[in-house]
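Right, one structure below, let's go through it.
The values are calculated or read from the model by the stated rules, or taken from the named source; none is laboratory data. Only a predicted model underlies this, so the values are computations on that prediction, with no experimental measurement involved. So basically every Cβ, Gly included, is an ideal-geometry build from the backbone, and we count neighbours across all protein chains shown.
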Amino acid sequence: MQVIPALNCQDVHCIIDKLHIVQKYLPNDGWIHLDVADAAFTYNRTWGVARVWREVVDHIPLRDIKLEVHLMVEHPEKVIEEWLEAGARRVVVHVEAIQDFNYLKSRCDEKGTELMISLIPETPVQKLESYFEKCKAYQVLAVHPGLAGQKFLPVALEKIKFLRERLPDATIEVDGGVNVETGIKAKTHGANILISASAIFESHDPRIMYEHLMHL
């Protein structure tokens, strides 16, 4: 099971503090998940300035840690380029916001970046079917987009199961409300990546919680 700590922050100081925490326990080939919420697709706004991200990581010894950026934005086509230039190795976009999939996919392919498609809890999982021949990575959002610390919505489990049954070789990620209990359920239903924010960063020992989730 792959576990990716999520940075859901209101300012760059929070980002820096959390990066200093994760650098102590992430493996050399580990991942960081950055939430970028625009207060249009979402109710809230989170910090997300691509050029500043690049400046921040240049001053923190993150080794070969990879960036996954979750674009919870109305127009991912308008911002994807800046995040690709900032070094994103995986970009998550929402099916509800996609206007030009071919553009998004071509830009990611050119940079060697994986494109992952997500959907919010209210969106039927069947809406992803038209992408099955075009994309190999999917995220099931188990909370409403934007805010960290929300409760895992069980509807996500059937979506994960649906995707795994139809796409046995796909990368399936679950994001939102992930802790030990919900992580076990997500894995049982077919997820192979867990995104976790509060469970890790609000635990007594983030390293121990990260390792615990890794070994579910």
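Consider Tyr103 carefully, then state whether it is in contact with a strand residue (DSSP E or B) (Cβ under 9 Å, 6 or more places away or on another chain) and among the hydroxyl-bearing types (Ser, Thr, Tyr). I'd like the intermediate steps shown before the answer.
Values: in contact with a strand residue (DSSP E or B) (Cβ under 9 Å, 6 or more places away or on another chain): no; among the hydroxyl-bearing types (Ser, Thr, Tyr): yes.
No.
Within region 20-41, the residues that satisfy the criterion of being surrounded by 14 or more Cβ atoms within 10 Å (Cβ to Cβ) and either among the small types (Gly, Ala, Ser) or modelled with pLDDT under 95 (or both) are Ile21, Val22, Gln23, Tyr25, Leu26, Gly30, Ala37.
Among the residues making up region 183-209, those that are buried (at least 23 other Cβ atoms within 10 Å of the Cβ) and either assigned to a helix (DSSP H, G or I) or acidic (Asp, Glu) (or both) are Gly183, Ala186, Ala199, Ile200. crowded, with 21+ Cβ neighbours inside 10 Å and either hydrophobic (A, V, I, L, M, F, W, C) or within 23 Å of Gln2 (Cβ to Cβ) (or both): is that true of Val73 in this structure? When the stated conditions are applied, Val73 passes them. Among the numbered conditions (1) crowded, with 16+ Cβ neighbours inside 10 Å; (2) more than 15 Å from the chain's Cα centre (by Cα); (3) within 23 Å of Ile32 (Cβ to Cβ), the only one that Gly112 does not meet is (1).
Among all positions in region 84-93, there is at least one residue which is part of a helix (DSSP H, G or I), surrounded by 14 or more Cβ atoms within 10 Å (Cβ to Cβ) and modelled with pLDDT of 95 or more.
Inside region 5-37, residues that are under 14 Å from Ala148 (Cβ atoms), within 15 Å of the chain's Cα centre (by Cα) and not in a loop (DSSP other than H, G, I, E, B) make up a count of 8.
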